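Q: One structure follows; several queries about it will come next.
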Amino acid sequence: MVTRKDLQKCQRIVVKVGTSTLTYANGKLNLNRMERLVRELADLHNAGKEVILVSSGAIGVGAERMGIKAAPRTIPEKQALAAIGQGALLHMYEKLFAEYSKIVAQVLLTRDDFTERMRYLNATNALLAILAMQVIPIINENDTVVVEEIKFGDNDTLSALVAGITDADLLIILSDVDGLCDSDPRLNSAAVLQNEVMEITAEMENSAGTKGSSFSSGGMATKLKAAGMCMATGVPMVIANNNLENVIRKIVNGKDIGTLFVPREEKMQARKRWIAFGSVTHGKLTIDEGALTALVKRGKSLLPSGIIKVEEDFDRGEVVSVITADGHEIARGMVNYSADEIKLIAGHKSADIGKILAAKDYDEVIHRNNLWVK
């Protein structure tokens, strides 16, 4: 089990900062906080650590430059403000990091860069190449071109995905709260900070509270989602308050700061990590109790005999959701047969596939190597 002391050994660290961390309430950049952030990251880099920064703030900076007080509502408005703000934000980062002789690289990503397998691998290789050059990547969602269908929705999710594809040792999410509390501290002054979390419960999700600042898209709910992704993939994650002096250094030194989300013992394989969190599902397979037991308790492949329903249209090689009869998703996997083919063989034994389809390429509808079970 990962402990605070283990964080001292972390070599590759992803740090995510939100709009509320980078700006004042009036929308202007908080230069003092940015300088502290850059100084800490540069110092970590000097110590031989690999550092990745996931930074929000482009839309907020663009709005401030244009004198817009209210958060934009339409996609074109957000795209325009992101285009205006992204350059200004990166220019400020470059200027601050240059004071410590650090080179930075801007990386803008969309959801499609993760859902399409080849683009996922390309994004991974590009980030690893940047790190190998001892350059600090500064990552943000490409809000200038993104549309609703391919949005991450928040940079908490993006940071968790980045931590996954780069095989990071730690994700730190800096926010305007001390960590995860048993209730929203902005609404309840008696809220108690959770020092360590081993499992994310429905009660935690229900009490996650509201989103952050007017120009942010996150909040505690999105941070819990990111934590769930990290815990499943074997990456420890810490939520902490950006106002604490040397907060990143203290976390990396194993100090009792914020909330530590303890991951599984082993890191998930890259392929299963993509299936679980990078891909988008294209359909649903409903399974019976026998198949549920085989998948969850025995780690078996999904055979056609255990499938009772096929929903939506999908092709071979696409990722689908595997659900129980009462509608709960228990797994995701890459199918060996199309939706039309599975409808024909559902409920039948693997030995009958060749007779039904006039050919049999696989015994399994989803092989266990291409299956992620929750």
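The values are calculated or read from the model by the stated rules, or taken from the named source; none is laboratory data. Predicted, not measured: the structure shown is a model, and the values here were computed from it. All Cβ positions, glycine included, derive from the backbone under ideal geometry; neighbour counts span all protein chains shown. For the accessible areas, the whole protein counts, side chains as well, though only heavy atoms, and no ligand, DNA or RNA atoms are used. Shrake-Rupley method; radii C 1.70, N 1.55, O 1.52, S 1.80 Å.
Q: Can you compute the charge dipole magnitude of the chain about its Cα centre, using +1 on each Lys and Arg Cβ and -1 on each Asp and Glu Cβ, nothing else charged? Give it in debye, rounded to the nearest 20.
A: Approximately 700 debye in magnitude.
Q: What is the pair-distance distribution P(r) of the range 229-321, computed from all Cα-Cα distances in 5 Å bins starting at 0, with each bin given as a whole percent?
A: That works out to 3, 11, 14, 15, 16, 12, 8, 7, 7, 6, 2, 0, in percent per bin.
Q: By how many degrees, 0 to 90 and rounded to 10, does the Cα axis of helix 155-165 deviate from the longest principal axis of the chain?
A: The angle comes out near 60 degrees.
Q: Okay, moving on. Of all beta bridges DSSP finds with both residues in the chain, what is the antiparallel percent, to the nearest 5?
A: Antiparallel bridges make up about 40 percent of those DSSP assigns within the chain.
Q: Can you list residues whose amide H is under 5 Å from GLN106's amide H, if they're 5+ apart or on another chain and H is modeled 1.01 Å from N?
A: ILE138
Q: Once you have the Cα-Cα distance between LYS267 and ALA70, take 0.36 nm times their residue separation minus that, and quote the gain in nm to one decimal.
A: Full-extension gain reported as 66.7 nm.
Q: For the range 297-356, would you read off the P(r) tail past 13 Å as a percentage of all alpha carbon pairs?
A: Everything past 13 Å amounts to 64 percent.
Q: Tell me the label-point distance for the pair ALA47, GLN134, using the 7 Å Cα-to-Cβ offset, in nm and rounded to one decimal.
A: In this crude spin-label approximation the distance works out to 1.8 nm.
Q: Please turn the phi angles of the range 110-127 into ³J(HN,Hα) values with the Karplus equation 6.51 cos²θ - 1.76 cosθ + 1.60 (θ = phi - 60°), one per residue in order, whole Hz, x for glycine and proline.
A: Computed from phi, the couplings for the range 110-127 are 10, 4, 4, 5, 10, 6, 8, 3, 5, 5, 4, 5, 5, 4, 4, 5, 5, 5 Hz.
Q: Ok, one more. Applying 1/(1 + (r/R0)^6) with R0 = 22 Å to the Cβ-Cβ distance of ASN26 and ASN243, what FRET efficiency is obtained, to the nearest 0.05?
A: Calculated value: 0.80.
Q: For the residue pair ASP112 and ASP340, what label-to-label distance in nm results when each label sits 7 Å from Cα along the Cα-to-beta-carbon direction?
A: In this crude spin-label approximation the distance works out to 2.7 nm.
Q: Let me ask something else about it. Roughly what % antiparallel, to the nearest 5, for the DSSP beta bridges in the range 1-137? Mind showing how you got there, number by number?
A: Numbers: 1 of 9 bridges.
Bridges in the range 1-137 that DSSP calls antiparallel: roughly 10 percent.
Q: Tell me which residues come under 5 Å, amide H to amide H, from ILE173 once H is placed; ignore anything under 5 positions away on its chain.
A: Residues meeting the criterion, in which the H sits 1.01 Å from N, are LYS16, VAL238, ILE239, ALA240.
Q: Related question: Give me the net charge for the shell around ALA325: Cβ to Cβ below 14 angstrom, other residues only, Lys and Arg +1, Asp and Glu -1.
A: -3
Q: Counting only the heavy atoms of the protein chains, how much of CYS230 is accessible to a 1.4 Å probe, in Å² to the nearest 10?
A: Looks like 0 Å² after rounding.
Q: Quick check on my link table: of LYS16/LYS300; LYS28/LYS267; LYS69/LYS250; LYS309/LYS374; LYS225/LYS349, which ones sit more than 32 Å apart, alpha carbon to alpha carbon?
A: LYS16/LYS300; LYS28/LYS267; LYS69/LYS250; LYS225/LYS349
Q: Fully extended, how many nm does the chain gain between ALA351 and GLU329 (0.36 nm per residue separation, minus their Cα-Cα distance)? Kindly include the intermediate steps, with their values, before the conclusion.
A: Values: separation 22, 0.36 × 22 = 7.92 nm, distance 2.74 nm.
Length gained, ALA351 through GLU329: 5.2 nm.
Q: To continue, here is another question. For the range 321-374, I need the span (max minus min coordinate) of the C-alpha atoms along each principal axis, in Å, sorted largest to smallest.
A: 33, 24, 17
Q: Under 5 Å between amide hydrogens, which residues at least 5 positions from SER321 or on another chain qualify, with H placed 1.01 Å from N in the peptide plane?
A: Counting only residues 5 or more places away or on other chains, the set is HIS282, GLY283, LYS284, LEU285.
Q: For the range 362-374, what does the Karplus curve 6.51 cos²θ - 1.76 cosθ + 1.60, with θ = phi - 60°, yield as ³J(HN,Hα) per residue in whole Hz, taken in order and with x for Gly and Pro?
A: Values per residue, Gly and Pro as x: 9, 7, 9, 6, 9, 6, 4, 5, 10, 10, 10, 9, 5 Hz.
Q: Let me ask another. Can you give me the pair-distance distribution of the range 1-114, C-alpha pairs, 10 Å bins, whole percents?
A: Going from the shortest bin to the longest, the percentages are 12, 39, 31, 14, 3.
Q: With θ set to phi - 60°, apply the Karplus curve 6.51 cos²θ - 1.76 cosθ + 1.60 along the range 267-274 and write out the HN-Hα couplings as whole Hz, x wherever there is a Gly or Pro.
A: 6, 6, 4, 4, 5, 5, 5, 5
Q: Want the number for GLN11 to ALA83: 0.36 nm per residue separation, take away the alpha-carbon distance, what's left?
A: Full-extension gain reported as 22.6 nm.
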